[in-house]
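Each remark here refers to the structure printed beneath this line.
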Amino acid sequence: MADMISETMKGKFLLAMPGLPDPNFAQTITGMCEHNESGALGFIINKIHPLLTGRELFEDLNITFDRSVDTLDIYLGGPVQPSGVFVLHGPPFTWNETLQVTDWLALSNSRDILEAIAVQKGPADFMIMLGCAGWGPMQLDNELHDNAWLTCPMTRDIMFGTKCDLRYEKAMMLIS
C-alpha cells in the first residue's frame with residue numbers, strides 16, 4: 001500500500017519547519033483544502049501581496065466594486081497558478097464553484113463570489129488568493145515523512161481572526 005496516503009491533511013495547517021530554505025514557503029502557514037491519492041492543494045495564509053490591493057484586482061477583472069475594497073489585502077496563496085484567483089471563505093457555501101473543506105471553510109474560484117465581495121455582499125469571512133500550493137501524487141506524503149512540515153488543526157480563529165503576521169506563531173502554539 002505504498003501508494004496510499006497515510007493520513008489526509010485536508011482541513012489542517014502545514015507549517016514550514018523553521019529554517020526551511022525554500023523562499024516560497026519559509027515561515028509560512030498553509031491551509032490545506034484537499035489531500036488524496038491524486039495529490040494535495042493548499043493556500044499560504046500569511047503572505048500578503050506587496051503591491052496588489054482589492055481595487056487593482058477588481059479593476060483587472062472588470063468587476064464593479066465599491067470603496068470598501070480599495071485597501072483589501074490580496075494574499076500570495078502559493079507558487080502554482082500565480083495568476084489564478086481563489087477565495088477561502090466561511091458561509092454561505094452556495095457559490096458556483098465551491099469545494100467544502102470543513103464545516104466552516106470552503107474554497108471557491110468563481111466570478112460570482114468575487115462580484116459579491118466587491119460590493120460587500122459576499123461571505124463575512126474571506127481571503128482572496130493569487131496562486132496556490134500544489135503537490136503531485138504522494139509528494140506531500142513524502143515531504144511529511146521527511147519532516148519538512150509541522151502540522152496542526154486548522155482553526156477559524158487563526159485563519160480569519162488573527163492578524164496576518166501573527167498566524168504562524170499562533171499556529172505553532174497548537175502543535176502538540
Using 0.36 nm per residue of separation minus the Cα-Cα distance, give me the extension gain between Leu99 and Leu174 in nm, one decimal. 24.5 nm
Hey, rough spin-label estimate for Glu59 and Gln120, points 7 angstrom out along Cα→Cβ, what's it come to in nanometres? 2.1
Looking at the chain, send over the antiparallel percent of its DSSP beta bridges, to the nearest 5. 90
First select every other residue whose beta carbon is under 11 angstrom from the beta carbon of Leu41; then total the charges, Lys and Arg +1, Asp and Glu -1. 0
Determine the relative contact order of the chain: mean sequence separation of Cα pairs under 8 Å and six or more apart, normalised by residue count, in whole percent. 28
So if R0 is 25 Å, what FRET efficiency would Lys163 and Glu7 give, r being the distance between their Cβ atoms, rounded to the nearest 0.05? 0.25
Excluding Asn96 itself, calculate the net charge of residues whose Cβ lies under 14 Å from the Cβ of Asn96, where each Lys or Arg counts +1 and each Asp or Glu counts -1. -2
Principal axes of the chain: Cα extent on each, largest first, Å: 50, 30, 26
Full extension from Ser110 to Thr71: what is 0.36 nm times the residue separation minus their Cα-Cα distance, to one decimal in nm? 11.9 nm
Under the rule a/c < 1.5 gives rounded, and otherwise a/b versus b/c splits prolate from oblate, where does the range 6-96 land using the Cα gyration tensor? oblate
Within 13 Å, Cβ to Cβ, of Ser68, how many net charges do the neighbouring residues add up to if Lys/Arg are +1 and Asp/Glu are -1? 0
Add -39500 (n - 2.57) for each DSSP H run of 4 or more in the chain, then divide by its residues: what number comes out at 222 nm, to the nearest 500 deg cm²/dmol? -4500 deg cm²/dmol
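FYI, it's all coordinate maths here, none of it is from the lab. Keep in mind the model is a prediction, meaning the values are calculated, not measured. Ideal geometry is used to build each Cβ from the backbone, glycine not excepted, and the neighbour counts take in all protein chains shown.
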